[in-house]
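For reference, the structure is listed below as structure tokens.
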Amino acid sequence: MKKARAVSLSELGSADVIKLIDIELPAPAKGEVQIRQTAIGFNFIDVYQRSGFYPLELPTGLGHEAVGVVEALGEDVSGFKVGDRVMYMNAGIGAYASARNVAADKLVPVPSNVSDEVAAAVFFKAMTAQYLVQKTYKVKAGDVVLVHAAAGGVGQILAGWAKSLGAFVVGTVGSQAKAAAAKEAGCDAVLDYSKPNWVEDFLKATGGKKANVVYDSVAKDTFLGSLDCTAPFGMVALFGAASGPAPEIQPEILNKKGCLFLTRPSVFPHNATPALLQENARAVFDAIAKGQVKVKIGATFPLEQAADAHRAAEGRKVMGAIVMIP
Ligand SMILES: NC(=O)c1ccc[n+]([C@@H]2O[C@H](COP(=O)([O-])OP(=O)(O)OC[C@H]3O[C@@H](n4cnc5c(N)ncnc54)[C@H](OP(=O)(O)O)[C@@H]3O)[C@@H](O)[C@H]2O)c1
């Protein structure tokens, strides 16, 4: 048994429910690897799960993404050795921990030119941006792309990636203070969607053109406006709900707005097999190497302050990814 610390929730609710406890970690089981974790990625899904919006069975750990060093191997593990630097983003809940046993087929080696903090900041978020720009809607030169919450963790990566593919990218932000970060990330134009007339501002920014694709992770406050910003036969990719669930619609509205396509995708099915995980991770590292994906760490917290990391995210105080250090 190895002594470790891990977040454990005995109830769901506000950030106050996040408690760090001492645990005894057993030796890795068959097919597993034991990792001493060095950096943990915060993702907004952690808030949905902690709050009960996506309910979890209790007691439960929290978090999907971390980076670390292999310390022990279970039986039948090949391809990894003690001392390897590895990361994961879909190995089941429980990443908020100082050490953890993880199925080896969920691990990806960390490239030598990428630091632990950067890997934890980028992996889950860039794997999300990857399927959104390469699979859900293949962004191409000349497209008009609308990215909501463009100063956020996924938003900055998505905006920069779409821009690198030759799109005209409009980003939205919730306050003027975030506009510069969204611009720096790659947006050609940035608008404040807390203003009631943000759809008009979008059309002004594009010279009247509507978007080939709208990447909407905000939902409640943006979804109906997103439909109004989408060009005929264009797509709305609703991939999150930072402001709450999207209002219900009748499918007929998609006809009225111009035969729109609506999808609600998730990063997990896109990486459901070890082969897909490795293939998509290669696409992400390729994009990092080409400069298509740039990483901005907006804030770093010790794991002991995971609750503060959640408060900062929910308070919309951070621009870029949040990383926690165990
Ligand atoms: N489906 C998938 O595969 C997938 C995977 C990863 C992430 N996501 C989604 O992508 C989004 C971004 O994730 P992230 O981890 O990078 O987080 P994040 O963007 O760093 O934080 C969420 C952002 O949403 C905006 N927001 C708007 N209304 C909000 C509200 N009422 N409360 C809090 N934030 C609000 C905020 O930006 P402003 O202050 O500028 O409005 C905030 O920065 C999330 O919705 C997440 O669920 C989906």
* Structure fact -> The long-range amide H neighbours of A246, using H built 1.01 Å from N in the peptide plane and a cut-off of under 5 Å, are K220
* Structure fact -> Which of A15, A121, A151 fluctuates most in a GNM of the chain (C-alpha springs under 10 Å)? That residue is A15
* To do: Please go through the range 44-99 and write out the trypsin sites (Lys or Arg not before Pro) that DSSP classes as loop and that have at most 13 other C-beta atoms within 10 Å.
  => K81
* Read phi for every residue in the range 248-262 and hand back ³J(HN,Hα) as whole Hz from Karplus 6.51 cos²θ - 1.76 cosθ + 1.60, θ = phi - 60°, with x for Gly and Pro. => 6, 10, 8, x, 4, 4, 5, 5, 4, 7, x, 6, 6, 9, 10
* **Percent of C-alpha pairs per 10 Å bin, the range 89-148, short to long** => 16, 41, 28, 13, 2
* Let me know the Kirkwood hydrodynamic radius for the range 164-219, please, with Cα pairs as the basis and the value in Å to one decimal. => 11.7 Å
* Asked: Residue by residue, what Karplus-based ³J(HN,Hα) values in Hz, rounded to whole numbers, does the range 305-317 have, using 6.51, -1.76 and 1.60 with θ = phi - 60° and x for Gly and Pro?
  -> 9, 4, 4, 5, 4, 5, 4, 5, 5, 5, x, 6, 8
* Starting from the alpha-carbon convex hull of the range 141-264, give the projected area averaged over all orientations, in nm². => 6.6 nm²
* Asked: When the convex hull of the C-alpha atoms of the range 1-120 is computed, what volume per residue in Å³ does it have?
  -> 95 Å³
* If you build a Gaussian network model of the chain, linking Cα atoms that sit under 10 Å apart, which residue out of D192, D216, D76 swings the most? -> D76
* **Residue pairs, from the table K183/K257; K125/K178; K3/K296; K106/K220; K19/K178; K183/K317, whose Cα atoms sit over 21 Å apart** => K183/K257; K3/K296; K106/K220; K19/K178
* Structure fact -> Rg (one decimal) and Dmax (whole number) from the Cα set of the chain, in Å, equal 19.8, 63
* Which of A159, Q250, Y131, positive extreme of dipole for the chain (C-beta unit charges) -> A159
* Structure fact -> Any residue on another chain or 5+ positions along whose placed amide H is under 5 Å from the amide H of G234 is listed here as F261
* Asked: Over the range 141-264, what is the relative contact order in whole percent, taking alpha-carbon pairs under 8 Å and six or more residues apart?
  -> 21 percent
* **trypsin sites (Lys or Arg not before Pro) within the range 98-172, DSSP loop, no more than 14 other Cβ atoms inside 10 Å** => K138, K140
* Give the longest segment of the chain that steers clear of GluC sites (Glu not before Pro) in DSSP loops with at most 16 neighbouring Cβ atoms within 10 Å, not counting the sites themselves. => 76-247
* Structure fact -> Taking only Cα atoms of the range 195-326, the Rg to Rh ratio with Kirkwood Rh works out at 1.03
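Just so you know, all these numbers are worked out from the coordinates, no wet-lab data involved. It should be emphasised that the depicted structure is a prediction, and the values quoted were computed from it without experimental measurement. Note that each Cβ is placed from the backbone with ideal geometry, even for glycine, and that neighbours are counted across all protein chains shown.
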